[in-house]
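Below is one structure, written out as structure tokens; the observations come after it.
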Amino acid sequence: MKKFLLFAAAFAALSMSAQDYTFEKVWEVNSGLPANADARQGICINGTYYINVKTNNAETGVTPYVVAVTENGVETTNFAGGANCGITRDEAGNLVISLATFPGSWVCDGDTPMIRVIDPETGDAVEYGIPEDAAVLGRSDMLGMAQGDLFNDGKLFMCGCTNGEPENTNSGVCILNIVGGEVDFDNSYEAMADVTLSASTATVINNIDGERIFYVTRNATPYILTPNGEGFVGEAVSLPNKGASCGAQIFQFDGKDIAVYPILPNYQDGFAVAEVGAEEPLFTVEPTGKTAYAQCNWVNAEVIGNDAYIYQYMPGLFVACYKLSAPMTAVSNVNAAKTATGVKYVNVAGQVSNVPFQGVNMVVTSYSDGTQNTTKVVK
């Protein structure tokens, strides 16, 4: 069962300071990583960090390929990668890989596979083309997190859409819509924003909560984009001491929007964790002088229950895992004293079962005092 949570569990909305949270390094791997020039982006899923290597595997001859990094080290998977660097995930815990030619724009003919989706538990894969009437897109070697389940129903956001109009240059997002395991060409389109969005190298679009998305570029103003009809309304995001390295994410945790992002000095290995809109970070990992290859200092997070696991990837240098823990709130303490009396699973059709359904499940836990707690998981 995939235990990657679609959203963090609901917590009491209290004002917290850094003293209320704990933050610690869990593990680090700094040997056996693929060459930095061939593996510039990575992503975490269920405690494993995946990196796409766009060149030949000297041991197996497979080209390209994917490696998996855990606290036990680096292991080559049997997943076929893409001849590019882009790799990300969807909310269901599937890998998403760019198949476009490095480092150019996407090919938009509707037939040529440009995206590969891989289930890391089974190795199953599916490939998708991009609608031929899509506008000029940004570089194809970086990908942002997708909504939903790209094997079935979901959305992938792609940067640099122009809508074919010079006045809208670099001012939109192409939405690749997947319905029933196929590209929904009629509902895949260029969504214009009311702000100018850069489409330079390492622009990454990160799904925050199934509605809003985070559009961040290495050295341009980052924005939170909120849907407005078929377009987006942009809100500039200010992050204390943000540097110009690639790699940042906003995620929901403890009822708040939390950002993890590289900090100054530019192109080194420092990063910070901060509540969006705060004047000071919650935590800062000070730089040690390690220099980022191609300005890539990737930091992203995976929320599981009361903890957020933050992964940092410096291509060719190391992968590290940190754990951010929220404090026990009054709500949490009350629940801790209860006895769970039963668990039910509810699918999107409203069916109820004692075992999880395939796909999205609402997990309803009943307690001895008559209360219930509900979370979402994907199997």
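The values are calculated or read from the model by the stated rules, or taken from the named source; none is laboratory data. Predicted, not measured: the structure shown is a model, and the values here were computed from it. Using ideal geometry, Cβ is built from the backbone for each residue, glycine included, and neighbour counts are taken over all protein chains shown.
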Quick one: would you say G104 is assigned by TED's automatic domain parsing to the domain that holds G316, free of Cβ contacts under 8 Å to residues at least 40 places away in the same chain and within 17 Å of T203 (Cα to Cα)?
yes
Just need a number here: residues in segment 239-275 that are in contact with a strand residue (DSSP E or B) (Cβ under 9 Å, 6 or more places away or on another chain), farther than 19 Å from Y309 by Cβ and of a type outside the set (G, A, S).
9
Among (1) modelled with pLDDT under 95; (2) more than 17 Å from the chain's Cα centre (by Cα); (3) of a type outside the set (K, R); (4) surrounded by fewer than 21 Cβ atoms within 10 Å (Cβ to Cβ), which single condition is D209 missing?
(2)
Taking interchain pairs and intrachain pairs at least six residues apart, which have beta carbon atoms under 9 angstrom, with the first residue in segment 287-298 and under 10 Å from L317 (Cβ atoms) and the second surrounded by fewer than 15 Cβ atoms within 10 Å (Cβ to Cβ) and of a type in the set (G, A, S)?
Y293/A37
Boolean, T226 is closer than 22 Å to M142 by Cα and at pLDDT below 95:
no
Given the conditions (1) in contact with a helix residue (DSSP H, G or I) (Cβ under 7 Å, 6 or more places away or on another chain); (2) on the phi > 0 side of the Ramachandran plot, which single one is not true for G123?
(1)
Segment 81-198: strands (runs of 3 or more DSSP E) wholly inside it with 1 or more residues that are small (G, A, S), surrounded by fewer than 18 Cβ atoms within 10 Å (Cβ to Cβ) and out of contact with any Gly (no Cβ under 9 Å at 6 or more places or on another chain) are 125-128
Among the candidates A68, A58, which residue alone is surrounded by fewer than 23 Cβ atoms within 10 Å (Cβ to Cβ) and at pLDDT below 95?
A58
When segment 261-279 is examined, which residues are found to be part of a loop (DSSP other than H, G, I, E, B) and either out of contact with any helix residue (DSSP H, G or I) (no Cβ under 7 Å at 6 or more places or on another chain) or under 21 Å from K323 (Cβ atoms) (or both)?
L264, P265, N266, D269, G270, V276, G277, A278, E279
Scan segment 280-318 for residues that are among the charged types (D, E, K, R) and assigned to a strand (DSSP E or B) and report the count.
2
